[in-house]
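Data block below; observations after.
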Amino acid sequence: MYSNEDYLLQLLTEGGHLDSSRLEEVRSKIGDEKLLTHFIEQGEISESVIAEISAQNAGCQVVDLANHFVDPVFSSVMSLADCRRFNAVPVADDGSYLYIALADVLDFEIQDAIPHVVNREVQFYAATPAAIKNAWQQIFGDEVGLAEASELTVVGDAGSDDGDAPIIKMVSGILVDAFQMRASDIHIEPLETSLRIRNRVDGKLVEVANHPKKLLPAVIARLKVMSGTMSIAEKRIPQDGRIQVKMSGKEVDLRVSSVPSNHGESIVMRILDKSALSLGLPQLGFLSDDQAVFAELLGLPDGIILVTGPTGSGKTTTLYACLNEINKPDKKIITVEDPVEYEMAGINQVMVKTDIGMTFAAALRSMLRQAPNIIMVGEIRDGETANIAINASLTGHLVFSTLHTNDAPSAVARLSDIGIKNFLIASAVRAVLAQRLVRKLCDKCKAPAALSEKELRTLNIDASQAAEGSIMGPVGCENCRNSGYRGRIGIFEIFLVDDEVRHLINQNLSTPQLRRRARELGMRTLREDGIRKVLAGMTSASEVIGVTMADSE
């Protein structure tokens, strides 16, 4: 509950609020942990006294929230998730300073973090935890009850049944906070003197907490126990696991990776949101003309459709959305993945296990004997896998897969580099989709904006184009955590392989030549698709420029 319990106990003892002999008596029975909690629960120390002592030592005042009306307008200043994370509540605003009450006013890391969250100059008060929770009710109303109802349970938890244990509650809080922030990843990182928690929200890492370094072993152990497959004793080598949790009746999967670092084990958890399975092409960011093109591709009876882009560009989500579009009772669909991220009803999914010889190539070879109509290969990594996928597409199967290339035409050179003949590439590949993710402007606070001269020049937009568009810019509100952005959409480059392009591939044209000719035939680049979304008010110019720096044309 408090950042420095030992210091508080010392202050309470020196101030005469707690007898030193009583402190040692209890310490000998229950140890150092939960000492302060024990004295509070037994009524030997009141939280109001702790607030007064803390305030004196932090050089601030105590605010009596029981007799202080907290205006609901502050719900737009600080979100409930942030209030819960910092155990804080905004109580006043005089125009120069925002005044915030803290349950632990001696936690100076929280005092450092809050001004960055609220983007204001801040003054702090001390208050009791109970009073702060009551103030949340004044500001957020029913939202508090809904948040408290978001209880987290672990599916098949082999750990302790003591749900009130501090570490169990702390780890559950880390996960709940991440879900409420719509995070895609949770990073638990040991630093030299602290344990840092960061969440990736809409592609950007956000620091959410710093804890004492001594908590690291217990937090890592708890997460490994939750996974059910990771060894608590092994700290020298990387490990992978999976955690399934239920929160408010919703099932969520987390893919867990631990790696030993110079300051201890570091853990990253990828949150696998199953709601992505139901996304259609418009939700992914396809505009109407691209939707029509891609819908036609999904109706093809055979061939390969490739999705390219760097790690984290949304390739897997796009593949799953494609499979969801064509997942019908009359189609047999088999996937081979490393690992299987989402379970899809009606689809046979095979996981790669290289340690027993179940590689992409081996799994794909076996899958063809299952008479599928549609095959999805998580990634083409080598010539053997590519050859089997090519042959499958040439024998009447529709194949989906991913490649790591910067743009769509480069997929031809990549396949050639891993040993595929040009005539096979030309015959099998139907289309290549390159994609990137850009942050979507928050629908609740975005406002009309003008592009700077530099942005117009960089995006090659003339003033008349900009004037005809609906250009919007980020503002910031509670809905988007004051970032101006909420969610992400894709920008796309669709390279269609028609008869003329097949002829060009067979001629062994270089990637720049192939790209130039594809553009002459109507291919829209990533940056050009991004410009359309800037002009439509879906994202900002800075977002598109940032993710398409390599697009020089």
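The values are calculated or read from the model by the stated rules, or taken from the named source; none is laboratory data. The structure presented is a predicted model; accordingly, all values stated were derived computationally and were not measured. Positions of Cβ are backbone-derived with ideal geometry, glycine not excepted, and every protein chain shown enters the neighbour counts. Only protein heavy atoms, including side chains, enter the accessible area calculation; ligands, DNA and RNA are left aside. Shrake-Rupley method; radii C 1.70, N 1.55, O 1.52, S 1.80 Å.
In nm, to one decimal, how far is the N57 label point from the I30 one, both placed 7 Å along Cα→Cβ?
Between N57 and I30, the label points sit 1.9 nm apart.
With charges only on Cβ, +1 for K and R and -1 for D and E, what is the dipole size of the chain about its Cα centre, in debye, rounded to 20?
2180 debye
Hey, can you grab everything whose amide H is under 5 Å from the amide H of A408? Only 5+ residues off in sequence or another chain; H modelled, so Pro and N-termini drop out.
Here A434 satisfy the definition.
Any idea how far apart A447 and N119 come out in nm if each label point goes 7 Å out from Cα toward Cβ?
Between A447 and N119, the label points sit 1.0 nm apart.
Which residue, chosen from N87, T539, V201, occupies the Cα position most advanced towards the positive end of the dipole of the chain, where the dipole is computed from +1 (Lys, Arg) and -1 (Asp, Glu) charges on Cβ about the Cα centre?
Positive-end residue among those listed: T539.
Of the options G228, S452, I491, report the single residue whose Cα projects farthest towards the positive end of the charge dipole of the chain (beta-carbon charges: Lys, Arg +1; Asp, Glu -1).
It is I491, whose Cα lies furthest towards the positive end.
For the stretch 368-415 and the stretch 9-56, write down the distance between their C-alpha centroids in whole Å.
The stretch 368-415 and the stretch 9-56 have Cα centres spaced 66 Å from each other.
With a 1.4 Å probe and all protein chains kept in place, how do Y125, Y97 rank by accessible area, largest first?
Listed by decreasing accessible area, they come as Y97, Y125.
State the answer as a single residue: which of A386, A66, P474 lies farthest towards the positive end of the charge dipole of the chain, with beta carbon charges of +1 for Lys and Arg and -1 for Asp and Glu, about the Cα centre.
Projecting each Cα onto the dipole axis, the largest value belongs to A386.
Between M170 and T193, what length comes free when the chain is fully extended (0.36 nm per residue of separation minus the Cα-Cα distance, one decimal in nm)?
Stretched out fully, the M170 to T193 stretch lengthens by 6.4 nm.
Pop out the carbon and sulfur fraction of the accessible area of the chain as a percent, whole number, probe 1.4 Å.
48 percent
Could you check the simple spin-label distance between R502 and T311, using points 7 Å along Cα→Cβ, in nm with one decimal?
It works out to 3.7 nm between the two label points.
Could you list the residues of the stretch 326-351 with an amide nitrogen less than 19 Å from a label point located 7 Å from the Cα of R369 in the Cα-to-C-beta direction?
Once the point is set 7 Å along Cα→Cβ of R369, 333-337, 348-351 turn out to lie under 19 Å by backbone N, inside the stretch 326-351.
I'd like the antiparallel share, as a percent to the nearest 5, of DSSP beta bridges with both residues in the chain.
Taking every DSSP beta bridge within the chain, about 65 percent pair in antiparallel fashion.
Note the full-extension length gain between A345 and A130 as 0.36 nm times their separation in residues minus their Cα-Cα distance, in nm to one decimal.
72.8 nm
What list of ³J(HN,Hα) values in whole Hz, one per residue of the stretch 437-444 in order, does the Karplus curve 6.51 cos²θ - 1.76 cosθ + 1.60 (θ = phi - 60°) give from phi, with Gly and Pro shown as x?
10, 10, 6, 8, 4, 5, 5, 8
Quick one: Karplus J couplings for the stretch 110-115, per residue in order, coefficients 6.51, -1.76, 1.60, θ = phi - 60°, nearest Hz, x for Gly and Pro?
Couplings: 5, 4, 6, 7, 4, x Hz.
To the nearest 0.05, how large is the calculated FRET efficiency for I356 and V293 if R₀ is 41 Å and r is the Cβ-Cβ distance?
The computed FRET efficiency comes out at 0.50.
For the pair H38 and D71, what calculated FRET efficiency results from E = 1/(1 + (r/R0)^6), where r is the Cβ-Cβ distance and R0 = 56 Å, to the nearest 0.05?
Efficiency, from the Cβ-Cβ distance: 0.95.
Treat every Asp and Glu Cβ in the stretch 353-405 as -1 and every Lys and Arg Cβ as +1, leave all other atoms uncharged, and give the resulting dipole magnitude about the Cα centre to the nearest 20 debye.
160 debye
At 0.36 nm per residue, minus the direct Cα-Cα distance, what do D112 and S46 gain on full extension? Give it in nm, one decimal, please.
Gain in length upon complete extension: 21.1 nm.
Work out from phi, with θ = phi - 60° and the Karplus expression 6.51 cos²θ - 1.76 cosθ + 1.60, the ³J(HN,Hα) of each residue of the stretch 94-99, listed in order in whole Hz, and give x for Gly and Pro.
9, x, 8, 10, 9, 9
Run a plain Debye calculation on the chain (Cα atoms as equal point scatterers, no solvent) and give log10 I(q)/I(0) at q = 0.08 Å⁻¹, rounded to two decimals, same order as the q list.
Debye intensities relative to I(0), on a log10 scale: -0.66.
Ignoring everything except DSSP H segments at least 4 long, calculate the 222 nm mean residue ellipticity for the chain; use -39,500 (n - 2.57) per segment, divide by total residues, nearest 500.
-11000 deg cm²/dmol
What residues from the stretch 497-540 fall in the zone where the backbone N is under 14 Å from a label point 7 Å along the Cα-to-C-beta line of N460?
515-532
How many Å² of accessible area per residue for the chain, probe 1.4 Å?
Averaged over the residues of the chain, the accessible area is 46 Å².
Taking H as built 1.01 Å from N, whose amide H comes closer than 5 Å to the amide H of V429, not counting residues under 5 places away?
Under 5 Å from the amide H of V429 lie the amide H atoms of I304, each far enough along the sequence or on another chain.
Return the percentage of antiparallel bridges among DSSP beta bridges fully within the stretch 269-391, rounded to the nearest 5 %.
Antiparallel bridges: around 10 percent, rounded to the nearest 5.
For a Förster distance of 25 Å, can you work out the FRET efficiency between the beta-carbons of N327 and D382, rounded to the nearest 0.05?
Approximately 0.35, to the nearest 0.05.
Would you mind checking the pairs K214/K353; K29/K246; K204/K444; K213/K444; K204/K235 and listing those with alpha carbons more than 32 angstrom apart?
Over 32 Å Cα-Cα: K214/K353; K29/K246; K213/K444.
Relative to the Cα centre, what is the charge dipole magnitude of the stretch 285-341, using +1 at the beta carbon of each Lys and Arg, -1 at the beta carbon of each Asp and Glu, and rounding to the nearest 20 debye?
120 debye
Between L195 and residues 5 or more places away or on another chain, which pairs have amide H atoms under 5 Å apart, with H built 1.01 Å from N, and which residues are they?
Sorted by chain and number, the residues that satisfy this are H211, K213.
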